[in-house]
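Reviewing the structure listed below.
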Amino acid sequence: ERNKMSLLFDASSVFELIKVKGADALHYVKGNYTISLVHYELGNVLWKYRNKINVELVFNAISKLLSEMNVIHVNIDKEILNEAIKHNITYYDMAYLLTSKRLNVKLVTEDKMLIELGGIKVSQLNI
């Protein structure tokens, strides 16, 4: 087991990991973090790409990965809202970013705006 830093994955990075690594994606997320919003976002990804992917296969992969992650519940949060307004990014995106900062872990994302604010891409995870 390699020595790895703690990470918080957003929905875009979980989906990317499944595409790039398949079953090996588990190794990268196990014991790491995400937020409760990820369930809805990934559910929406499955709906959006329902005609382009094997929905059952990807659903099962997502379910397995999320079951091995620490899912942080995010409530309605004034600081998240204020920071989202200040940086002109969605509340969803700021919820991931601010939760990663609160946990003092790196945010993994495929979102360009979040990368500009300090996130890293899946391709930067020494894969």
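The values are calculated or read from the model by the stated rules, or taken from the named source; none is laboratory data. Only a predicted model underlies this, so the values are computations on that prediction, with no experimental measurement involved. Don't worry about glycine lacking a Cβ; one is built from the backbone with ideal geometry, like all the others, and counts go over all protein chains shown. For the accessible areas, the whole protein counts, side chains as well, though only heavy atoms, and no ligand, DNA or RNA atoms are used. Shrake-Rupley method; radii C 1.70, N 1.55, O 1.52, S 1.80 Å.
From 81, 66, which residue is open to solvent by less than 90 Å² (accessible area, probe 1.4 Å), farther than 27 Å from residue 5 by Cα and not in a loop (DSSP other than H, G, I, E, B)? Write out each step before concluding.
Numbers: 66 fails: farther than 27 Å from residue 5 by Cα.
The unique qualifying residue is 81.
Would you check which residues across the stretch 84-105 are in contact (Cβ under 8 Å) with a residue 24 or more places away in the chain and in a helix (DSSP H, G or I) and list them?
Hits for the stretch 84-105 are 87, 92, 93, 95, 96, 99, 100, 103.
Scanning for something open to solvent by 90 Å² or more (accessible area, probe 1.4 Å) and either under 23 Å from residue 23 (Cα atoms) or within 14 Å of the chain's Cα centre (by Cα) (or both), does the stretch 91-100 turn up at least one residue? Write out each step before concluding.
The first filter runs over the stretch 91-100 and keeps only residues open to solvent by 90 Å² or more (accessible area, probe 1.4 Å), leaving 92.
Subsequent filtering for residues that are either under 23 Å from residue 23 (Cα atoms) or within 14 Å of the chain's Cα centre (by Cα) (or both) retains 92.
Yes, that holds for at least one residue.
Among residues belonging to the stretch 102-121 that are of a type outside the set (A, V, I, L, M, F, W, C) and touching a Gly at 6+ places or on another chain (Cβ under 8 Å), point out the one that is farthest from residue 7 (Cα to Cα).
As a first pass, look at the stretch 102-121 and keep what is of a type outside the set (A, V, I, L, M, F, W, C): 102, 104, 106, 109-112, 116, 118-119, 121.
Okay, now just the ones that are also touching a Gly at 6+ places or on another chain (Cβ under 8 Å), so 106, 109, 111.
On the way: 106: 5, 109: 10, 111: 16 Å.
For the stretch 102-121, the residue satisfying everything is 111.
Which residue out of 19, 86, 52 is open to solvent by 60 Å² or more (accessible area, probe 1.4 Å) and farther than 20 Å from residue 115 by Cβ?
Details: 19 fails: farther than 20 Å from residue 115 by Cβ; 86 fails: farther than 20 Å from residue 115 by Cβ.
The match here is 52.
I'd like the full set of residues that are more than 10 Å from the chain's Cα centre (by Cα) and closer than 18 Å to residue 101 by Cα, limited to the stretch 3-31.
Hits for the stretch 3-31 are 4, 5, 6, 31.
Within the bounds of the stretch 109-126, is there any residue that is among the β-branched types (Val, Ile, Thr), touching a residue at least 24 places away in the same chain (Cβ under 8 Å) and surrounded by fewer than 16 Cβ atoms within 10 Å (Cβ to Cβ)?
No, because not a single residue in the stretch 109-126 is among the β-branched types (Val, Ile, Thr), touching a residue at least 24 places away in the same chain (Cβ under 8 Å) and surrounded by fewer than 16 Cβ atoms within 10 Å (Cβ to Cβ).
Within the stretch 12-27, can one find any residue that is in a loop (DSSP other than H, G, I, E, B), under 24 Å from residue 94 (Cβ atoms) and touching a residue at least 40 places away in the same chain (Cβ under 8 Å)?
No.
Go through (1) among the hydrophobic types (A, V, I, L, M, F, W, C); (2) more than 15 Å from residue 6 (Cβ to Cβ); (3) not in a helix (DSSP H, G or I) and name the single condition residue 47 misses.
(3)
For the stretch 33-44, state whether one or more residues are out of contact with any His (no Cβ under 8 Å at 6 or more places or on another chain), of a type in the set (Phe, Trp, Tyr) and within 20 Å of residue 5 (Cα to Cα). First the steps, then the outcome.
First, the residues of the stretch 33-44 that are out of contact with any His (no Cβ under 8 Å at 6 or more places or on another chain): 33-34, 37-44.
Checking the rest, the ones that are also of a type in the set (Phe, Trp, Tyr) come to 33, 40.
Then drop every residue that is not within 20 Å of residue 5 (Cα to Cα), which leaves 33.
Yes, the stretch 33-44 contains a residue that is out of contact with any His (no Cβ under 8 Å at 6 or more places or on another chain), of a type in the set (Phe, Trp, Tyr) and within 20 Å of residue 5 (Cα to Cα).
Against the condition in contact (Cβ under 8 Å) with a residue 24 or more places away in the chain, part of a loop (DSSP other than H, G, I, E, B) and surrounded by fewer than 18 Cβ atoms within 10 Å (Cβ to Cβ), how does residue 5 come out, does it pass? Steps first, please.
Values: in contact (Cβ under 8 Å) with a residue 24 or more places away in the chain: yes; part of a loop (DSSP other than H, G, I, E, B): yes; surrounded by fewer than 18 Cβ atoms within 10 Å (Cβ to Cβ): yes.
Taking the combined requirement at face value, the residue satisfies it.
Report, by residue number, each residue of the stretch 84-101 that is over 20 Å from residue 5 (Cα atoms) and of a type in the set (Gly, Ala, Ser). Don't jump to the end; show me each part of the working.
Pass one, the stretch 84-101, residues over 20 Å from residue 5 (Cα atoms): 84-95.
Those that are over 20 Å from residue 5 (Cα atoms) and of a type in the set (Gly, Ala, Ser): 84, 95.
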